[in-house]
Amino acid sequence: MPFDPPPNVSRKPQSLSNANSIADLLVKDSDSLADAVAKLDATCAPLLLVVDVDGKLAGRIGIAEIEAAMARGTGLELRVGAAMIADAGGVPADTDAAQLAKFAGNSARPLALLDGERRPVGLYTQATPRRVPIAEPQLGGNELKYVTECVETNWISSQGTFVRRFEKEFAELLGVPHALAVSNGTVALHLALAAFGIGPGDEVIVPDLTFAATLNAVLYTGATPVLVDVAPDTWNMDPAALSDAITPRTKAIMPVHLYGQPTEMDPILALARKHKLVVIEDAAEAVGAAHKGVQCGAIGDSGTFSFFSNKMITTGEGGMVTFKDDAVAARARMLRDHGMNPNKRYWHEEVGFNYRLTNLQAAIGCAQLEQFQGFRVRKKEIATYYESRFAGISEIETPAILPGFDNSYWVFSIVVDCAGLGLTRDELMAKLAKAGVDTRPLFYCMHEMPPYKAYAGNRAFPVSSRLSENGLSLPSSTSITEGQLAHVADALTNLVRTRRLARAIAA
Ligand SMILES: Cc1ncc(COP(=O)(O)O)c(C=O)c1O
């Protein structure tokens with residue numbers, strides 16, 4: 001068994017391929033290219049080590065070498081030895097860690113670790129973190145300084161200068177007269193609906209593809225959510241589906257700027273004007289996104305935002321709701337504070353809520369706003385990189401770039417032709433995880449989940465179903481390194497190219 005490494009020197013390959021044993025990553029030079037495709041497909045490894053008849057390292061082969069051989073007109077029955085890159089440049093297995101790091105340099109390509117007979121016994125990979133977070137907070141500014149200030153001055157509740165400063169600066173960023181800081185993005189939605197007096201007997205139109213909080217907030221008021229399909233280009237509320245869903249009971253439309261892509265707002269605003277409906281934008285994921293020059297959340301009558309730790313800016317948990325109308329904003333401010341008359345302490349005008357944000361959280365928010373333009377730029381760079389890497393790959397659909405739409409690119413999300421690649425989206429995610437890439441599925445369709453099924457009526461949701469079944473979000477933290485971005489893109493593109501050949505072989 002020349003291909004089994006001696007057990008006492010076997011080292012698990014690190015990072016990228018550490019779900020595989022070294023034996024999984026070996027292919028014989030006499031094997032066919034089809035054998036190599038099957039191994040690449042099963043392991044999701046970036047390359048295989050090629051060994052000769054004695055089990056000694058002879059070279060390496062990845063999907064690029066197989067494609068190159070095929071481009072030369074050869075078939076998949078060709079011997080691996082005829083297509084590989086000869087001599088994979090392995091190093092002795094007992095090389096110390098510092099030397100290994102030096103040999104590997106900046107390359108993400110694994111180094112073969114060899115025994116005294118030049119037989120591969122392990123792989124060394126530069127320490128790429130096994131999991132690259134989808135979206136993690138970046139707290140490198142004045143966060144600690146401002147929070148310390150709250151503690152030192154004893155202003156930790158919602159009564160504090162950072163709350164007012166955060167609201168003022170956020171209103172300026174959006175270009176709206178009123179911004180109210182609240183405990184999270186869900187209560188921002190509820191407060192907006194409540195401030196407009198939406199309640200039992202009313203209908204609120206919402207997109208089928210969203211995070212459940214959008215619907216939950218409607219349900220908290222006692223109103224009925226009405227689900228509509230999304231558009232194939234924006235992945236957001238489809239204006240064409242909207243007009244059919246309007247009834248005499250409709251009171252509000254709640255478009256969601258999903259993953260930071262603006263909704264096509266003009267037809268929504270026109271319908272709202274015609275039927276005298278309130279427009280509340282769920283911009284939880286879209287701080288900084290803009291539609292035709294207007295910030296998302298400042299287009300309709302109200303906009304809501306989330307500052308959960310993975311959002312464009314964070315306060316840990318937190319949110320903001322914006323209003324254009326002075327009277328509605330004043331009512332929301334009162335409802336946020338237990339429904340208490342602002343001029344008469346402990347006198348309650350309505351049944352209100354405690355939806356306030358603390359000064360501690362607002363302090364973090366102020367520090368985040370100081371860094372926000374940098375976050376925006378970085379998110380765009382990440383999106384531009386992914387777009388460039390997936391541009392020629394017909395199986396990967398990236399967010400549409402539409403004139404006048406300025407995407408915040410909160411998390412870069414794609415839709416993959418899973419059927420064409422012969423796997424489900426969840427299988428695709430499992431393969432990417434094996435290659436060291438963490439992903440998230442796109443949200444499930446609301447009309448499919450038990451608490452929300454009843455709100456589908458007899459409407460159809462072909463677009464949201466297709467997107468939800470085939471969509472996933474890629475690592476998009478502002479702190480992601482260029483090496484990590486390349487690793488994500490390499491893993492996904494290698495996977496697609498390998499699946500193409502694996503499917504051709506199976507056919
Ligand atoms: C579209 C959308 N709406 C609402 C929310 C709710 O925000 P929060 O988690 O701050 O309550 C989220 C949060 O993830 C969201 O993505």
Quiz item: Quick one: if the Förster radius is 45 Å, what FRET efficiency do D326 and A433 give, using the C-beta to C-beta distance and rounding to 0.05?
Solution: 0.35
Quiz item: How much length is gained on full extension from A486 to E370, taking 0.36 nm per residue of separation minus their Cα-Cα distance?
Solution: 38.9 nm
Quiz prompt | Kirkwood-Stokes translational diffusion coefficient of the range 143-367, alpha-carbon pairs, 20 °C, 1.002 mPa s, µm²/s | solution = 122 µm²/s
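Count the DSSP beta bridges whose two residues both fall in the chain, then state the antiparallel fraction as a percent rounded to the nearest 5. Mind showing how you got there, number by number?
On the way: 37 of 57 bridges.
The answer is about 65 percent antiparallel.
Heavy atoms only, 1.4 Å probe, whole protein assembly: order M70, M254 by accessible area, highest first. List each step's numbers first, then the result.
Values: M70 65, M254 0 Å².
Descending accessible area places them as M70, M254.
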Quiz item: Looking at the range 372-506, what % of the alpha carbon pairs are farther apart than 27 Å?
Solution: 27 percent
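Explain nothing, just the number: relative contact order of the chain, from Cα pairs under 8 Å at least 6 residues apart, as a whole percent.
Numbers: 1101 pairs, mean separation 86.9, N = 507.
Relative contact order of the chain: 17 percent.
The range 298-352: D in µm²/s via Stokes-Einstein (Kirkwood Rh, Cα pairs, 20 °C, 1.002 mPa s)?
Numbers: Rh = 12.6 Å.
Rounded, D is 170 µm²/s.
Around P225, what is the net charge, scoring Lys/Arg as +1 and Asp/Glu as -1 over all other residues with Cβ under 15 Å from its Cβ?
Values: positive: R249, K251, K453, R459; negative: D202, E203, D208, D229, D282, E448.
Overall, the nearby charge balance is -2.
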Exercise. Calculate the dipole size of the range 143-367 relative to its Cα centre from +1 charges on Lys and Arg beta carbons and -1 charges on Asp and Glu beta carbons; express the result in debye to the nearest 20.
Key: 700 debye
Quiz item: Scattering from the C-alpha atoms of the range 128-203 alone, worked out with Debye: what is log10 I(q)/I(0) at q = 0.12, 0.22 1/Å?
Solution: -0.58, -1.14
Self-check item: Isotropic mean projected area of the C-alpha convex hull, the range 30-110 (nm²)
Solution: 5.9 nm²
Quiz prompt | Angle in degrees between helix 326-336 and the longest Cα principal axis of the chain, rounded to the nearest 10 | solution = 70 degrees
Quiz item: Where Rh is the Kirkwood radius over the Cα pairs of the range 321-396, the temperature 10 °C and the viscosity 1.306 mPa s, what D in µm²/s does Stokes-Einstein return?
Solution: 97 µm²/s
Quiz item: When N counts the residues of the chain, how does its alpha-carbon radius of gyration compare numerically with 2.2 N^0.38 Å, as a ratio?
Solution: 1.16
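Magnitude of the Cβ-charge dipole of the range 372-506, K/R +1 and D/E -1, about the Cα centre, nearest 20 debye? It would help to have the intermediate numbers written out before the result.
On the way: 16 positive and 13 negative charges, 20 e Å.
Here the range 372-506 has a charge dipole of around 100 debye.
If packing is taken as the mean number of other Cβ atoms within 10 Å per residue, what is the order of 72-81, 365-374, 292-301, highest first? Write out the running numbers ahead of the final one.
On the way: 72-81: 14.5, 365-374: 19.4, 292-301: 21.6.
The most tightly packed comes first, giving 292-301, 365-374, 72-81.
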Practice problem: Give K380/K431; K292/K380; K251/K292; K311/K379; K311/K380; K145/K379 a once-over and call out the pairs whose C-alpha atoms are over 20 Å from each other. | Solution: K380/K431; K251/K292; K145/K379
Quiz item: So if R0 is 30 Å, what FRET efficiency would Y220 and N341 give, r being the distance between their Cβ atoms, rounded to the nearest 0.05?
Solution: 0.80
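If you add up the charges near T304, with Lys and Arg at +1 and Asp and Glu at -1, over every other residue whose beta carbon is less than 10 angstrom from its beta carbon, what do you get? If you can, show how the numbers build up before the last one.
Values: positive: none; negative: E281, D282.
That works out to -2.
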Practice problem: Would you kindly state how much longer the chain becomes between E349 and T424 on full extension, computed as 0.36 nm times their sequence separation minus their alpha carbon distance, in nm to one decimal? | Solution: 21.6 nm
Quiz item: Could you state the number of Å between the C-alpha centres of the range 267-302 and the range 332-397?
Solution: 16 Å
Practice problem: In debye, nearest 20, what is the charge dipole magnitude of the chain about its Cα centre with +1 on Lys and Arg Cβ and -1 on Asp and Glu Cβ, if you could check? | Solution: 520 debye
Practice problem: Enter the per residue convex hull volume of the range 164-259, computed from alpha-carbon coordinates, in Å³ rounded to the nearest integer. | Solution: 115 Å³
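The values are calculated or read from the model by the stated rules, or taken from the named source; none is laboratory data. These numbers were taken from a predicted model, which means no experiment stands behind them. Note: ideal-geometry Cβ built from the backbone for every residue, glycine included; neighbour counts use all protein chains shown. Heavy atoms of the whole protein, side chains included, go into the accessibility calculation; ligands, DNA and RNA do not. Shrake-Rupley method; radii C 1.70, N 1.55, O 1.52, S 1.80 Å.
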